[in-house]
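Remarks on the structure that follows.
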Amino acid sequence: MHIMEGFLPASHALGWYAVSAPFVLAGAARIRTIVREQPEARLTLAASGAFAFVLSALKIPSVTGSCSHPTGTGLGAIVFGPSVMAVLGVIVLLFQALLLAHGGLTTLGANAFSMAIVGPWVAYGVWKLAGVAGLPFAVSVFLAAALGDLATYVFTSLQLALAYPDPVSGFVGAALKFGGIFAITQIPLAIAEGLLTVVVIEALSGKIRDEDRISALSGGNK
Amino acid sequence: MSMRSVWMLVVVVLIAVIPLLMGGEFGGADNEAAAIVQGTEGFSPWFSPIWEPPSGEVASMLFSLQAALGALVLGYAIGRAHGRRRPDGDRDTTKDGALPPRA
């Protein structure tokens with residue numbers, strides 16, 4: 001999902017910075033509140049960032065014959081709500097842009113929007129909907145993390161299509177073209193991320209009832 | 001670890017291994033998308049990375065470092081969480097059958 005350095009027109013790069021900035025600021029405020037009011041949740045917060053760090057470093061082969069990586073942003077979104085992941089995701093993206101030439105500074109706003117904002121919000125929305133629908137805990141976590149992961153890649157495809165519409169088939173054609181590369185490759189990886197998120201939440205919360213896990217991790221009141 | 005976690009981890013391994021058995025080039029999807037953009041008429045990147053890993057070896061070292069740092073913190077958090085629960089869990093299982101002193 002990383003759009004490479006200099007690959008978006010300057011107007012798009014600036015635009016994505018502008019729409020991402022409020023989310024990152026809100027996330028920073030939310031993290032300050034969590035650290036101050038629920039110090040016992042700091043460990044989970046660190047684990048949420050670490051999970052995104054690990055998963056986004058792993059480029060995994062997919063059935064399409066190309067490689068891609070999960071995002072790991074669903075965990076923090078489920079436990080703390082989506083806003084904290086805007087900050088934690090940007091940290092991951094900065095590491096990769098500065099040290100790995102993977103992604104970039106000009107495309108940081110756009111990449112942050114897809115990975116650190118759209119993905120977590122979709123994961124959070126699915127998590128809430130699954131709760132309303134009364135789905136079992138593990139199924140809800142799985143769906144939230146997997147669909148959040150997939151949403152990030154679908155959104156990257158849309159961002160690229162917006163910047164580079166197909167001369168013949170326009171925005172829709174380009175979206176399908178980029179989506180064919182990103183979204184299809186990502187489906188098995190999104191399933192893997194969904195499963196791993198369930199495993200990590202279980203490992204972090206230990207032997208307790210499924211319905212108590214998230215409140216145990218978020219410090220009790222959420 | 002619960003049976004649920006075990007079979008989920010098995011499935012994750014299968015998801016990564018099965019494509020390898022099917023074969024393919026396994027280049028990055030990011031690069032494939034970039035190739036399409038580069039094919040656009042009149043395209044040239046207007047900014048290039050400030051620093052790039054000088055070789056594939058250095059890049060893989062830094063990717064490993066990223067994964068290792070994340071795994072370190074994640075493992076610490078899981079270990080701490082288990083350590084914190086242990087005293088309660090073991091309260092009534094001391095050798096002589098006596099309850100351990102309350103903290």
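Could you tell me which of rounded, prolate or oblate describes the range A:107-174, using a ≥ b ≥ c as the square roots of the eigenvalues of the alpha-carbon gyration tensor, with rounded for a/c under 1.5 and, failing that, prolate when a/b is larger than b/c and oblate otherwise? It is prolate, given that a/c is not under 1.5 and a/b is the larger ratio. Once the Cα atoms are used to define both axes, helix A:42-55 deviates from the longest principal axis of chain A by about 40 degrees.
In debye to the nearest 20, how big a dipole does chain A give about its Cα centre with +1 on each Lys and Arg Cβ and -1 on each Asp and Glu Cβ? Intermediate values should be presented prior to the final figure.
On the way: 11 positive and 10 negative charges, 58 e Å.
Once rounded to the nearest 20, the dipole reads 280 debye.
Listing B:His82, A:His12 from fewest to most neighbouring C-beta atoms within 10 Å gives B:His82, A:His12.
Could you compute how fast the range A:162-208 diffuses translationally, taking Rh as the Kirkwood radius over C-alpha pairs and applying Stokes-Einstein at 20 °C with viscosity 1.002 mPa s? Give it in µm² per second.
Estimated via Stokes-Einstein, D reaches 164 µm²/s.
For the range A:23-141, what does the alpha-carbon gyration tensor say about shape, rounded, prolate or oblate, given a ≥ b ≥ c as the root eigenvalues, a/c under 1.5 as rounded, and a/b over b/c as prolate? Judged from the Cα gyration tensor, the range A:23-141 comes out oblate (a/c at least 1.5, b/c at or above a/b).
Under 8 Å for C-alpha pairs, at least 6 residues apart: give me the relative contact order for the range A:52-161, rounded to a whole percent.
27 percent
Helical content alone sets the calculated 222 nm signal of chain A at -23500 deg cm²/dmol, taking -39,500 (n - 2.57) per DSSP H segment of four or more residues and averaging over every residue.
Near the amide H of A:Ile60, within less than 5 Å, lie the amide hydrogens of A:Ser68, A:His69, all on another chain or at least 5 residues away, with H placed in the peptide plane. Taking a Cβ cut-off of under 14 Å around A:Thr73, the surrounding Lys, Arg, Asp and Glu residues balance to a net charge of -2, with basic ones at +1 and acidic ones at -1. Computed on chain A, with alpha-carbon pairs under 8 angstrom and 6+ residues apart, the relative contact order is 25 percent. Only one residue of A:Gly27, A:Leu45, A:Ala10 has its Cα farthest out toward the positive end of the dipole of the range A:1-63, where Lys and Arg carry +1 and Asp and Glu -1 on Cβ, and that residue is A:Leu45. Here A:Tyr153, A:Tyr164 are placed in order of increasing Cβ neighbour count within 10 Å, fewest first, which gives A:Tyr164, A:Tyr153.
Charge tally around A:Ile201: other residues with Cβ under 12 Å, Lys/Arg +1 each, Asp/Glu -1 each, net -1. Ranked for footprinting exposure by Cβ neighbours inside 10 Å, fewest first, A:Val139, A:Val92 give A:Val139, A:Val92.
A:Ile181 sits among other residues whose Cβ lies under 14 Å from its own Cβ, and their net charge, with Lys and Arg +1 and Asp and Glu -1, is -3.
Inter-chain neighbour count for A:174-181: the average number of beta-carbon atoms from partner chains within 10 Å of each residue's beta-carbon is 3. Let me make sure I get this right: for the range A:68-196, a, b and c are the square roots of the gyration tensor eigenvalues over alpha carbons, sorted descending. Under 1.5 in a/c it's rounded, otherwise prolate if a/b > b/c, else oblate. Which is it? Oblate shape, in that a/c is at least 1.5 and b/c is the bigger or equal ratio. Quick note on the protein assembly as shown: its Rg to Rh ratio, both from C-alpha atoms and Rh being the Kirkwood radius, is 1.01. For the peptide A:73-80, the mean number of other protein chain Cβ atoms found within 10 angstrom of a residue's Cβ is 0.
Over all distinct Cα-Cα pairs of the range A:1-88, the Kirkwood formula returns a hydrodynamic radius of 14.7 Å.
No lab work stands behind these numbers, since they all come straight from the coordinates. This is a predicted model, so every value here is computed, not measured. Note that each Cβ is placed from the backbone with ideal geometry, even for glycine, and that neighbours are counted across all protein chains shown.
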